[in-house]
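Heads up: the structure comes next, in structure tokens.
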Amino acid sequence: MITTILNYLANSGAITYIVLALLSIYLIVTIWIFFYRYFAVTALIKNEVKSLESLTSREARFSSLSALNKCTTNTSSKELLYACEINIIKDASSGISWLAIISSTSPFIGLFGTVIGILESFAKFANQSKVAFAIIAPAISEALVATAAGIFVAIFAYTFHQILSRKIYELNIYLKAQAQILIAKG
């Protein structure tokens, strides 16, 4: 396996190196954004759940841990609660659009690497009058590695985007529930 990878890299051109390096950066950024946002949003959700439970309990008080409470400074006007809710969701979803961008562009970057690899392979065989399939097939399969790498990165970016989008939706539900209770208490 490692010999195959080293052989592939030894026979690759500069464009292939650039494509694989860019896809590697994409993968690192994807993983970093996911874990950073996942833990931050999970902590926000935990605080908002506690706050909602506190609001719906007999005490009916607004938790000091709530991001909504920190934003509204104990006023419960509908407009201010709505503005705070939007601001909290905006902050919680920062970086998420990068996952969408990475998931949609990485297959194209991989495909670009594959096309360049195939063109390089055909250029090597251009001066030969007869080329056997056994010679062309390995060159084409090596070129397809870039597409596979692009799809690999896209799968993770898309999956992480969906997970975080669901977490942010869940946070929004808790914020809306608290805002509605506060407005009703008016």
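The values are calculated or read from the model by the stated rules, or taken from the named source; none is laboratory data. Quantities reported herein were computed from a predicted structural model and do not represent experimental measurements. FYI the Cβ positions are ideal-geometry reconstructions off the backbone, even for glycines, and counts take in every protein chain you see. Surface accessibility is based on the protein's heavy atoms, side chains included, excluding ligands, DNA and RNA. Shrake-Rupley method; radii C 1.70, N 1.55, O 1.52, S 1.80 Å.
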| request: Spot the failing condition for Phe122; the list is (1) surrounded by fewer than 17 Cβ atoms within 10 Å (Cβ to Cβ); (2) aromatic (Phe, Trp, Tyr); (3) touching a residue at least 60 places away in the same chain (Cβ under 8 Å), and only one is missed. | output: (3)
| task | Sort through Tyr82, Tyr36 and tell me the only one that's out of contact with any helix residue (DSSP H, G or I) (no Cβ under 8 Å at 6 or more places or on another chain) and closer than 30 Å to Phe160 by Cα. | result | Tyr36
| request: Inspect all residues belonging to the stretch 88-105 and state whether any of them is more than 30 Å from Ile25 (Cβ to Cβ) and without any contact (Cβ under 8 Å) to a residue 12 or more places away in the chain. | output: no
| Would it be correct to say that Ala40 is farther than 20 Å from Ile183 by Cα, open to solvent by 20 Å² or more (accessible area, probe 1.4 Å) and either touching a residue at least 40 places away in the same chain (Cβ under 8 Å) or of a type in the set (Gly, Ala, Ser) (or both)? | yes
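Results for (1) touching a His at 6+ places or on another chain (Cβ under 9 Å); (2) over 17 Å from Ala146 (Cβ atoms), shown as yes or no for each residue.
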residue: Ser12; (1), (2): no, no
residue: Tyr17; (1), (2): no, no
residue: Val41; (1), (2): no, yes
residue: Lys46; (1), (2): no, yes
residue: Ser51; (1), (2): no, yes
residue: Thr56; (1), (2): no, yes
residue: Ser64; (1), (2): no, yes
residue: Gly95; (1), (2): no, yes
residue: Leu99; (1), (2): yes, yes
| field | Single residue of the stretch 56-91 satisfying the filter (of a type in the set (A, V, I, L, M) and assigned to a helix (DSSP H, G or I)) that is most open to solvent (accessible area, probe 1.4 Å) | value | Ile86
| Residue tally, condition at pLDDT 80 or above and of a type in the set (A, V, I, L, M), over the stretch 117-135 | 3
| Which numbered condition Ser94 misses (of (1) assigned to a helix (DSSP H, G or I); (2) of a type outside the set (D, E, K, R); (3) under 36 Å from the mean Cα position of the chain (by Cα)) | (1)
| query | Can you name the residue in the stretch 161-186 that is assigned to a helix (DSSP H, G or I) and among the small types (Gly, Ala, Ser) and is also most open to solvent (accessible area, probe 1.4 Å) among such residues? | reply | Ala184
| task | Of the conditions (1) assigned to a helix (DSSP H, G or I); (2) farther than 30 Å from Phe122 by Cα, Thr16 clears all except one; give me its number. | result | (2)
| query | Would you call Ser103 surrounded by 13 or more Cβ atoms within 10 Å (Cβ to Cβ) and polar (S, T, N, Q)? | reply | yes
